[in-house]
Amino acid sequence: MRSVVAWCPLLFLLAARADVVERFEDQPECLKHFYEEKVPEWGSSTPGAARLCQRFDNRFHFATLFDTNRRIAVYSAYFFQPSNGGGREKRWFVEPQLVNMSWPAGMKDGYWLGKDHPGVYLGERQALNEDYTHSGFDRGHLNPNGHHPVPSRNATFTLTNVVPQNPKLNQNAWRIHESEMTELFRDRCSKAFVLVGAVPSSDRWIVKNNVRRVNIPDYIWNAYCCVDNNGRPIQSGAGAARNTEQNWRSRELEAATRHSCSLRHVYIAEEQTKHLCSHAMFEAPAWRRCVKLTFFKNVLYFITRSLRFCTSVVPNRGGTEVFPRNQRV
């Protein structure tokens, strides 16, 4: 009995310091990155899913649902904070507790973690920096570094927050998309809660030494909810882009779609206050009334169920789909 009592404080300390948790709800400082502290159901049944409270500099900065089989994130959840510059890391972090739960909490530089544990393979359940080297894909942030000040900005440079992203998409259309979201959040929101995720592919992988290492997602998506000073939702939106170089930005669309988070071949969802960030679930009949059954139906369906707000789209020119705010389906 004495030995059990002696172990209890140690077990409590290990649990309190864990970055890999059983439930986001068990860690209040992690849970606050979700709108109304409600974790979306989408992705929760992913085989091998790990829930990461992303710790850097001894505090949590965002949350990630991570697929340890495909070695990419299902999504990252965060709230927007204006960037103050700096914090662009040259190193890439990994999650020690995806290697061994007894290891100290807090993301670590993968290179030095390997030096500290010679002979221990770090990449069984997560991607490593060398997986991306000469792969032809960018280390594409889900939670973007530009949506945070230091040190939260530093924390986004973890390989559990990136996916293999087509360089042209990452450096052009998606970069513009993230910048427009920054303007929108600064102009219209007291606070903005964001989910950014990836839809994995069935058969596309970064392969190293004849081993499938990192899944190359078919789509990148995000969804946001803006609230006012009283925490009331005032605007929401969602977008998805196919992970190919064809997702380039059309100049003729820029003026028409400014502040609407639009990309070429992207769905955008915006509705008025009473429909934003609502927690009503939309079953198939309501979905069919709400969104046209087109190529991105399943992708946007996942997004709308995750944030639980109804979105509406109709075709617009140039391949972008936008539903005007003053119209309803």
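Here are a few things to note about the model shown:
- Pick from segment 53-89, criterion among the acidic types (Asp, Glu) and outside any strand (DSSP E or B), ranking: most open to solvent (accessible area, probe 1.4 Å): 57
- Strands (runs of 3 or more DSSP E) lying entirely in segment 152-228 (those with 2 or more residues that are more than 17 Å from the chain's Cα centre (by Cα) and at negative phi): 205-208, 211-215
- Scan of segment 129-144 for residues that are free of Cβ contacts under 8 Å to residues at least 40 places away in the same chain and among the hydrophobic types (A, V, I, L, M, F, W, C), ordered by number: none
- Answer residue from segment 229-253, given it is open to solvent by 50 Å² or more (accessible area, probe 1.4 Å) and not in a loop (DSSP other than H, G, I, E, B) and is modelled with the lowest pLDDT among those: 252
- Taking the criterion of being acidic (Asp, Glu) and within 15 Å of residue 108 (Cα to Cα), no residue of segment 138-161 qualifies.
- Qualifying residues in segment 145-159 (those that are open to solvent by 10 Å² or more (accessible area, probe 1.4 Å) and out of contact with any Ser or Thr (no Cβ under 7 Å at 6 or more places or on another chain)) - the one nearest to residue 85 (Cα to Cα): 150
- Residues satisfying the stated conditions in segment 111-125, i.e. of a type outside the set (D, E, K, R), open to solvent by 20 Å² or more (accessible area, probe 1.4 Å) and not in a loop (DSSP other than H, G, I, E, B): 111, 112, 114
- For segment 35-78, the candidate set comprises residues that are hydrophobic (A, V, I, L, M, F, W, C) and under 16 Å from residue 152 (Cα atoms); within that set, the residue that is nearest to the chain's Cα centre (by Cα) is 77.
- Residue match in segment 157-174 (condition: farther than 25 Å from residue 71 by Cβ and among the aliphatic types (A, V, I, L, M)): no
- Residue 112 being within 24 Å of residue 153 (Cβ to Cβ), hydrophobic (A, V, I, L, M, F, W, C) and without any contact (Cβ under 8 Å) to a residue 24 or more places away in the chain: yes
- Checked against the criteria, residue 205 does not count as among the hydrophobic types (A, V, I, L, M, F, W, C), open to solvent by less than 10 Å² (accessible area, probe 1.4 Å) and either modelled with pLDDT of 95 or more or touching a Gly at 6+ places or on another chain (Cβ under 8 Å) (or both).
The values are calculated or read from the model by the stated rules, or taken from the named source; none is laboratory data. Just so it is clear, the structure is predicted and the values come from calculations on it, not from any experiment. Quick reminder, even Gly has a Cβ in these numbers, built from the backbone with ideal geometry, and neighbours come from all protein chains shown. We work out accessible area using only protein heavy atoms, side chains counted, and drop any ligands, DNA or RNA first. Shrake-Rupley method; radii C 1.70, N 1.55, O 1.52, S 1.80 Å.
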